[in-house]
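A.B. asks: Structure in structure tokens, see below.
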Amino acid sequence: MDKLLITGGRTLEGEVPVSGAKNAALPIMCTALLTQDPLKLANVPALMDVRTMAQLLAQMGVEVGARSNGGIELRARTITNPEAPYELVKTMRASVLVLGPLLARCGQASVSLPGGCAIGARPVDQHLKGLQAMGARIEVEHGYLNARAERLRGARIALDLVTVTGTENLMMAATLAEGLTVLENAAREPEVADLARCLNAMGARIEGAGSDVIRIEGVRALCGAAHRVMPDRIESGTFLAAAAATGGRVRLLGAAPATLEATLQKLREAGARVAVAGDSIEIESDTRPLSVSLCTAPYPGFATDMQAQFMALDAIARGTALISETIFENRFMHALELQRLGADITIQGNTAVVKGVERLQGAKVMATDLRASASLVIAGLVAHGDTLIERIYHLDRGYESIEAKLAGLGARIERVN
Ligand code: EPZ
């Protein structure tokens, strides 16, 4: 099992390229199921989750190949096996995103229930409610969602809560449904808008993606397209939070600043100087950060996927911060590991009280989920001495070459096993 060994205490200096967004690439890969034509994708991040999605699609009969320019090409001439097996789904919850496209393309799907995960129960009731409103019959048998539909028909669906993949699943299903579908209380995340851009390039008729009301006029068929995946706003925020914690001067290249405004705002509140120019974001910090309180919320609010990283920043900041997690019910596991490094954190319900300490002490810690791992990396970069992070397969799911990128900025970090 790989581990990351970090020797803290160095500032971060230099430039780092931002990779394509994991949470845009995963649903966009699933759109290949909606057409017999080839889908050509660029700026796809080289991540464990992307490889898992490619494997999941390939075992359904989708041809998946690497393109010369680092992207991937997918083609679902026929779908020989409309199933997402437990063995794959248990490693990646986003597998549920094949449900809508399979129903739309071939009228049937058998998708393993994702089951819970470290950060919460994560039900998919909204996905099912929407698909049933569009005419699908869905039975839960032996841990699988078995769904059937002759042809999906458009419907007006008011989602009970904001769900990113729920919105994406229903939007993809609606592209081939008969008539108009209106999604109300839709997720406004930029990844939803990126997915819609790809679908519209394939001939779909989607309006309003990125707002909380999305209208999809069904069409008979979609064709192939070429699409460039948007930059990863969470990877961007993670590197910026790291630089704010260590001090130094870092410029992100190939970013999408407008998609992480709430994060940039909080970094400025922490005392960092943040400048945006086109697709680059530069952060400079030469003093101990100030504590920043935050409350996670659906986009454009502060992203829950940035909460753990800011807890690491607040752990060594000047003052006391209140961090409230409103999206997931169990997304404070990193707090327990940060305490091993000397952080002063008290959990009260869905709020963490983080009293900044002058200095963390390096120690052995264990990653529990993707963004918790990133939080431990940031803490290791500022801790005094060596920090050894175990179970970093969590990190590899969502960050492309993170140790190479950080080493390139001057960090003392290496992968050991
Ligand atoms: C997406 O997960 C992201 N994953 C998550 O990123 C992200 O944390 C989350 O959105 C919130 O922004 C991908 O896009 C692949 P939700 P998703 O459905 O869609 C509840 C990462 O680190 N809910 O928006 O699964 C749910 O339990 C990952 O990259 C229902 O109750 O999240 C949660 O409390 C982690 N019923 C809340 O809604 C449903 O049918 C938001 O979940 C669906 C969701």
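Residues checked against (1) polar (S, T, N, Q); (2) open to solvent by 10 Å² or more (accessible area, probe 1.4 Å); (3) under 15 Å from the mean Cα position of the chain (by Cα):
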position: Gly20; (1), (2), (3): no, no, yes
position: Ala32; (1), (2), (3): no, no, no
position: Gln36; (1), (2), (3): yes, yes, no
position: Thr52; (1), (2), (3): yes, yes, yes
position: Gln55; (1), (2), (3): yes, yes, no
position: Ser68; (1), (2), (3): yes, yes, no
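A.B. asks: Restricted to region 369-391, and to residues that are assigned to a loop (DSSP other than H, G, I, E, B) and buried (at least 22 other Cβ atoms within 10 Å of the Cβ), which residue is modelled with the lowest pLDDT? Break it down into steps so the answer makes sense when it comes.
C.D. replies: Here is the first cut: in region 369-391, the ones assigned to a loop (DSSP other than H, G, I, E, B) are 369, 383, 385, 391.
From the residues that got through so far, the ones that are buried (at least 22 other Cβ atoms within 10 Å of the Cβ) too are 369, 383.
On the way: Asp369: 92, Ala383: 98.
Per the criteria, the residue is Asp369.
A.B. asks: How many residues does region 4-18 hold that are in contact with a Lys or Arg (Cβ under 7 Å, 6 or more places away or on another chain), open to solvent by 10 Å² or more (accessible area, probe 1.4 Å) and part of a strand (DSSP E or B)?
C.D. replies: The total comes to 3.
A.B. asks: The conditions are (1) more than 22 Å from Tyr399 (Cα to Cα); (2) away from the ligand (no atom under 14 Å from the Cβ); (3) in contact with a strand residue (DSSP E or B) (Cβ under 9 Å, 6 or more places away or on another chain), and Ile316 fails exactly one of them. Which is it?
C.D. replies: Tallying (1) more than 22 Å from Tyr399 (Cα to Cα); (2) away from the ligand (no atom under 14 Å from the Cβ); (3) in contact with a strand residue (DSSP E or B) (Cβ under 9 Å, 6 or more places away or on another chain), Ile316 fails exactly one: (3).
A.B. asks: So, in region 206-246, of the ones that are in contact (Cβ under 8 Å) with a residue 24 or more places away in the chain and among the charged types (D, E, K, R), which residue ends up most open to solvent (accessible area, probe 1.4 Å)?
C.D. replies: So the first thing to find is which residues in region 206-246 are in contact (Cβ under 8 Å) with a residue 24 or more places away in the chain, and the list is 206, 209, 211-246.
Adding the requirement that they be among the charged types (D, E, K, R) leaves 212, 215, 217, 220, 228, 232-233, 235.
Values: Asp212: 75, Arg215: 104, Glu217: 66, Arg220: 191, Arg228: 154, Asp232: 11, Arg233: 27, Glu235: 6 Å².
Selected residue: Arg220.
A.B. asks: In region 101-123, is there at least one residue being buried (at least 22 other Cβ atoms within 10 Å of the Cβ), polar (S, T, N, Q) and touching a strand residue (DSSP E or B) at 6+ places or on another chain (Cβ under 8 Å)?
C.D. replies: no
A.B. asks: Something else: Answer yes or no as to whether Glu184 is open to solvent by 30 Å² or more (accessible area, probe 1.4 Å), away from the ligand (no atom under 14 Å from the Cβ) and touching a Gly at 6+ places or on another chain (Cβ under 7 Å).
C.D. replies: Numbers: open to solvent by 30 Å² or more (accessible area, probe 1.4 Å): yes; away from the ligand (no atom under 14 Å from the Cβ): yes; touching a Gly at 6+ places or on another chain (Cβ under 7 Å): no.
When the stated conditions are applied, Glu184 does not pass them.
A.B. asks: Which ones in region 356-366 are hydrophobic (A, V, I, L, M, F, W, C) and either free of Cβ contacts under 8 Å to residues at least 24 places away in the same chain or in a strand (DSSP E or B) (or both)? Steps first, please.
C.D. replies: Within region 356-366, the subset hydrophobic (A, V, I, L, M, F, W, C) is 357, 360, 363, 365-366.
If the condition is that a residue be hydrophobic (A, V, I, L, M, F, W, C) and either free of Cβ contacts under 8 Å to residues at least 24 places away in the same chain or in a strand (DSSP E or B) (or both), then Val365, Met366 are the ones that fit.
A.B. asks: Identify the residue in region 84-100 that is assigned to a helix (DSSP H, G or I) and of a type in the set (Gly, Ala, Ser) and, among all such residues, is nearest to His394 (Cα to Cα). I'd like the intermediate steps shown before the answer.
C.D. replies: Taking region 84-100 first, the residues assigned to a helix (DSSP H, G or I) are 86-89, 93-100.
With the extra rule that they be of a type in the set (Gly, Ala, Ser), the set shrinks to 94-95, 100.
On the way: Ala94: 15, Ser95: 16, Gly100: 27 Å.
The extreme case among them is Ala94.
A.B. asks: Could you list all residues from region 340-355 that are under 25 Å from Ala272 (Cβ atoms) and not in a strand (DSSP E or B)?
C.D. replies: Filtering region 340-355 down to residues under 25 Å from Ala272 (Cβ atoms) leaves 341-345, 351-355.
Passing the criteria: Leu341, Gly342, Ala343.
A.B. asks: Is it the case that region 80-91 has a residue that's within 16 Å of the ligand (Cβ to nearest atom), modelled with pLDDT under 95 and open to solvent by less than 50 Å² (accessible area, probe 1.4 Å)?
C.D. replies: First, pick out the residues of region 80-91 that are within 16 Å of the ligand (Cβ to nearest atom): 84, 88-91.
The next check asks that each one be modelled with pLDDT under 95; those that pass are 88-91.
Filter once more, so that each one left must be open to solvent by less than 50 Å² (accessible area, probe 1.4 Å): 88-89.
Taking every residue of region 80-91 in turn, at least one turns out to be within 16 Å of the ligand (Cβ to nearest atom), modelled with pLDDT under 95 and open to solvent by less than 50 Å² (accessible area, probe 1.4 Å).
Per-residue answers, yes or no, for (1) over 19 Å from the mean Cα position of the chain (by Cα); (2) under 22 Å from Gly8 (Cα atoms); (3) surrounded by fewer than 16 Cβ atoms within 10 Å (Cβ to Cβ):
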| position | (1), (2), (3) |
| --- | --- |
| Ala297 | no, no, yes |
| Ala317 | yes, yes, no |
| Leu341 | yes, yes, no |
| Ile347 | yes, no, yes |
| Gly356 | yes, yes, no |
| Arg359 | yes, yes, yes |
| Lys364 | yes, yes, yes |
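A.B. asks: From the set of residues in region 393-412 that are in a loop (DSSP other than H, G, I, E, B) and either away from the ligand (no atom under 16 Å from the Cβ) or surrounded by fewer than 24 Cβ atoms within 10 Å (Cβ to Cβ) (or both), which is farthest from the chain's Cα centre (by Cα)?
C.D. replies: In the first step, residues of region 393-412 are kept if they are in a loop (DSSP other than H, G, I, E, B); the result is 399-401, 408-411.
Cutting the leftovers down to either away from the ligand (no atom under 16 Å from the Cβ) or surrounded by fewer than 24 Cβ atoms within 10 Å (Cβ to Cβ) (or both) gives us 400-401, 408-411.
On the way: Glu400: 13, Ser401: 16, Gly408: 24, Leu409: 23, Gly410: 26, Ala411: 24 Å.
My answer is Gly410.
A.B. asks: Can you tell me which residue within region 264-295, out of those that are assigned to a helix (DSSP H, G or I) and either at pLDDT below 95 or surrounded by 15 or more Cβ atoms within 10 Å (Cβ to Cβ) (or both), is nearest to the chain's Cα centre (by Cα)? Before the answer, list the steps.
C.D. replies: So in region 264-295, the residues assigned to a helix (DSSP H, G or I) come out as 264-269.
Still in the list and also either at pLDDT below 95 or surrounded by 15 or more Cβ atoms within 10 Å (Cβ to Cβ) (or both): 264, 266-267.
Numbers: Leu264: 18, Lys266: 20, Leu267: 20 Å.
In this case the residue turns out to be Leu264.
A.B. asks: Any idea which of Gly210, Gly179 is at positive phi, of a type outside the set (D, E, K, R) and more than 16 Å from the ligand (Cβ to nearest atom)?
C.D. replies: Within the list Gly210, Gly179, the selection yields Gly179.
A.B. asks: Thr163: among the hydroxyl-bearing types (Ser, Thr, Tyr), out of contact with any Leu (no Cβ under 8 Å at 6 or more places or on another chain) and open to solvent by less than 30 Å² (accessible area, probe 1.4 Å), yes or no? Before you say what the answer is, go through the steps one by one.
C.D. replies: Numbers: among the hydroxyl-bearing types (Ser, Thr, Tyr): yes; out of contact with any Leu (no Cβ under 8 Å at 6 or more places or on another chain): yes; open to solvent by less than 30 Å² (accessible area, probe 1.4 Å): yes.
Here the answer is yes, as Thr163 does meet what is asked.
A.B. asks: Looking at Glu150, Glu139, Glu168, which one is away from the ligand (no atom under 12 Å from the Cβ) and either under 18 Å from the mean Cα position of the chain (by Cα) or without any contact (Cβ under 8 Å) to a residue 24 or more places away in the chain (or both)?
C.D. replies: Details: Glu150 fails: either under 18 Å from the mean Cα position of the chain (by Cα) or without any contact (Cβ under 8 Å) to a residue 24 or more places away in the chain (or both); Glu168 fails: away from the ligand (no atom under 12 Å from the Cβ).
Only one candidate qualifies: Glu139.
A.B. asks: Still on this structure, please answer the following. Against the conditions (1) surrounded by fewer than 24 Cβ atoms within 10 Å (Cβ to Cβ); (2) under 21 Å from Ser95 (Cβ atoms), where does Ala174 fall short? Just the number, please.
C.D. replies: Of (1) surrounded by fewer than 24 Cβ atoms within 10 Å (Cβ to Cβ); (2) under 21 Å from Ser95 (Cβ atoms), only one is false for Ala174: (1).
The values are calculated or read from the model by the stated rules, or taken from the named source; none is laboratory data. Bear in mind the structure is a predicted one, so any value in this text is a computation, not a measurement. Quick reminder, even Gly has a Cβ in these numbers, built from the backbone with ideal geometry, and neighbours come from all protein chains shown. Side chains are part of the model used for accessible areas, which takes the heavy atoms of the whole protein and leaves out ligands, DNA and RNA. Shrake-Rupley method; radii C 1.70, N 1.55, O 1.52, S 1.80 Å.
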